[in-house]
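The next block holds one structure in the form of structure tokens; read it before the comments.
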Amino acid sequence: MEIKNKKVLGLQLPTDPRWVNLAEMRLEDILTDHAYCEQKAATSCISLIMLYPDHEKLVDELSPIVTEEWGHFRLVIAELRKRGLKLGRQRKDEYVNGLVKYVKTKSDMKERLLEKLLMCALIEARSCERFRLLSENIAELELRDFYHKFMVAEAGHYHLFLELAREYYDADKVWNRWQEWLVYEKDLLATLKVRGDRMH
């Protein structure tokens, strides 16, 4: 799967090109953060299933994603071990915390589902973009292949969350709110320092 244009993902601001070089110099840190991102992705899917058990398509589609994300967590841990590196402690995720602030918390449960699905889609899209950059630019060929596999997976998850949003909401409503999320994410990303020890 080729994802060469940021517009394929809808993202309005590309990652600063310095990020890959910074991440490459802090491999233990970036792998640690990556591992926790996979763990949190699995947890987010479990949370959605618990909050909306009556949404059968959501339950059926996200259940295998939980298994996949946890499998990704284990793959990253294995990569750390193989390199003689250690899993560090989880760090504050300023990017995701910033996205959470944009969720319409005063809406009812039904409306909050749309917010949660779009936020998850956005996180997956940005992760996909970052994995693409690593798969194309990091010096070590083995790591390029490692990150390419994650890029493909995140692209699929991004599409799935948007499909679920369209399953439960009017397509125009989803599109309009998605555009608002994209603009917000662009502005948020512009405020964050470029750090090689964070996936986002």
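Can you divide the C-alpha Rg of the chain by 2.2 N^0.38 Å and report the result to two decimal places?
1.00
Using only the alpha-carbon atoms, how far is helix 27-51 inclined from the longest principal axis of the chain? Give it as 0 to 90 degrees, nearest 10.
20 degrees
Go ahead and estimate [θ] at 222 nm for the chain from helices alone: -39,500 (n - 2.57) per DSSP H run with n ≥ 4, summed, over the residue count, rounded to 500.
-25500 deg cm²/dmol
Taking 8 Å as the Cα distance limit and 6 or more residues as the minimum spacing, I'd like the relative contact order of the range 16-191 as a percentage.
Result for the range 16-191 is 21 percent.
Relative to the first principal axis of the alpha-carbon coordinates of the chain, what is the inclination of helix 141-168, with its axis defined by its Cα atoms, in degrees from 0 to 90 and to the nearest 10?
For helix 141-168, the angle is close to 0 degrees.
Helix 171-191 versus the longest principal axis of the chain: what angle, 0 to 90°, nearest 10, using Cα atoms?
40 degrees
Calculate, for Asp145 and Lys104, the FRET efficiency according to 1/(1 + (r/R0)^6) with r their C-beta to C-beta distance and R0 35 Å; round to the nearest 0.05.
0.30
Pop out the ³J(HN,Hα) list for the range 68-84 in order, Karplus 6.51 cos²θ - 1.76 cosθ + 1.60 with θ = phi - 60°, rounded to Hz; leave Gly and Pro as x.
For the range 68-84, the Karplus curve yields 5, 5, 5, x, 5, 4, 5, 5, 5, 4, 4, 5, 4, 4, 4, 9, x Hz.
Are there trypsin sites (Lys or Arg not before Pro) in the range 1-101 that DSSP puts in a loop and that have at most 13 other Cβ atoms within 10 Å, and which ones?
Lys4, Arg83, Lys86, Arg89, Arg91, Lys92, Lys101
Every number here is computed from the coordinates shown, using simple stated rules; none is lab data. Everything numeric here is computed off the predicted structure, so don't read it as measured data. Reconstructed Cβ throughout: ideal geometry from the backbone, glycine too, with neighbour counts over all protein chains shown.
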